[in-house]
Amino acid sequence: MKFNQLRIVAVLALTLVLGLSAVANAETTLEKVKKAGVITVGNSPDYPPFESIGDNGERVGFDVDLLNAIAAKLDLKIQWVTMDFAAIVTAVQSGQVDMGMSGFSISAERAEQVDFSAPYFVSGQVIVVQSESAIDSAEALKGKKIAVQLGTTGEQQADKIEGAEVVKPESYNIAFMMLNNKAADAVIADISVADEFVKRGMFKRAGEPLSYEEFAMISRKGNEDLLGALNKALEEVKQDGTYADLVKKWNL
């Protein structure tokens, strides 16, 4: 073997050793957050009763309380990062945040982009219309305008309705404002979110649920250690009665 070839082999061997050393020394996400004592969480607080901004300006909701209880089990503080719902998956993928929790339904499409925790809630998609509307089914939405939050599974259900015009604002607050102002004929939303707006007296549900879905926390693909810790803490929260108390608190 010639000298130059020996040198190339030596360089390649050194590169391999350094690469393996870097991998060995790389922190996992769980190790990183444990060391910092803080976990960053992407969240879109426009989804009551799961997450919204309360009268005092604080973030409130079932997701908020549940993750606070989970984080307490892990001895972590939460740094909530507010962003549009449609941007959270990208933020998780890029490492801008450690995880996302914002009413994410488990879906095959999302599973290609992020990993899911164990499910923490079961919901579904329903049609909401004005109280006096004659719309009573998905079929009755043909030729109508549907408002649905961008990036949600509600968007997927709306896109399946033939002959309907679908508009996709960045929040459900805007979608329901459009419905209230008759700029849309219907909104498709999660059951609990829909019921929260129906309680205000202006709207009603129309027909049967379009789907049933499970909610889960999300993290970057390959973060088994973090998701394992979250799942363990979630199970502890369920076992000690905290979960049941939160379901009752938020009327879910």
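Readers should treat all values here as calculations from the given coordinates under stated rules, not as data from a laboratory. The model shown is predicted, which means the values in this text are computed figures rather than measured ones. Positions of Cβ are backbone-derived with ideal geometry, glycine not excepted, and every protein chain shown enters the neighbour counts.
I'd like the Karplus ³J(HN,Hα) series for region 230-236: coefficients 6.51, -1.76, 1.60, θ = phi - 60°, whole numbers in Hz, and an x wherever there's a Gly or Pro.
5, 5, 4, 5, 4, 4, 5
Taking neighbour counts of Cβ atoms within 10 Å as a proxy for exposure, in what order, fewest first, do 73, 35 appear?
Lowest to highest Cβ neighbour count: 35, 73.
If you line up the Cα atoms of the chain on their principal axes, what length do they span on each, largest first, in Å?
85, 45, 29
Using a 10 Å cut-off around each Cβ, can you sort 129, 92 from fewest to most neighbouring Cβ atoms?
Final ranking by Cβ density, sparse to dense: 129, 92.
With point charges of +1 on the Cβ of Lys and Arg and -1 on the Cβ of Asp and Glu, referenced to the Cα centre of region 122-214, which listed residue (164, 184, 122) lies farthest in the positive direction of the dipole?
Positive-most Cα among the choices belongs to 184.
If the limit is 19 Å between Cα atoms, which of 34/77; 32/238; 168/199; 73/238; 73/248; 35/73 go over it?
32/238; 168/199; 73/248
So for each of 194-207, 115-128 I average, over its residues, the number of other beta carbons within 10 Å; can you give me the resulting order with the highest mean first?
Sorting 194-207, 115-128 by mean packing, highest first, produces 115-128, 194-207.
Of all DSSP beta bridges in region 22-157, what percent run antiparallel (nearest 5)?
35 percent
Run the dipole for region 122-214 about the Cα centre, Lys and Arg Cβ at +1, Asp and Glu Cβ at -1, nothing else charged, and hand back the magnitude in debye, nearest 20.
Magnitude of the dipole: close to 360 debye.
Using only the Cα atoms of region 66-137, each taken as one equal point scatterer with no solvent, compute I(q) by the Debye sum, divide by I(0), and report log10 of the ratio at q = 0.15, 0.17, 0.26, 0.27 Å⁻¹.
The computed values of log10 I(q)/I(0) come out as -0.68, -0.80, -1.34, -1.39.
Could you work out the equivalent-ellipsoid semi-axes for region 122-214, taking the square root of 5 times each eigenvalue of the Cα gyration tensor, largest first, in whole Å?
The three semi-axes for region 122-214 are 16, 15, 13 Å.
What's the magnitude of the charge dipole for the chain around its Cα centre, counting Lys and Arg as +1 and Asp and Glu as -1 at the beta-carbon? Answer in Debye, nearest 20.
That gives the chain a dipole magnitude of about 700 debye.
Calculate one ³J(HN,Hα) per residue across region 55-68 by plugging θ = phi - 60° into the Karplus curve 6.51 cos²θ - 1.76 cosθ + 1.60, and present them in order as whole Hz with x for glycine and proline.
Running phi through 6.51 cos²θ - 1.76 cosθ + 1.60 with θ = phi - 60° gives 4, 8, x, 8, 6, 9, x, 4, 4, 5, 5, 5, 5, 4 Hz.
Compute a Gaussian network model of the chain, connecting alpha carbons closer than 10 Å, and tell me which residue from 186, 108, 87 fluctuates the most.
Evaluated over the chain, the most mobile residue of the options is 108.
Provide 27, 170 in ascending order of the number of other Cβ atoms located within 10 Å of each residue's Cβ, fewest first.
27, 170
Output the peptides 227-236, 54-63 sorted from most to least packed, where packing is the average of other Cβ atoms within 10 Å over each peptide's residues.
Listed from highest to lowest mean packing, they are 227-236, 54-63.
Going 7 Å from the Cα of residue 199 in the Cα-to-Cβ direction, what parts of region 92-126 have a backbone nitrogen less than 12 Å from that spot?
Answer for region 92-126: none.
Can you compute the modelled spin-label distance between residue 53 and residue 232, with each label point 7 Å from Cα toward Cβ, in nm?
So the label points at residue 53 and residue 232 sit 3.7 nm apart.
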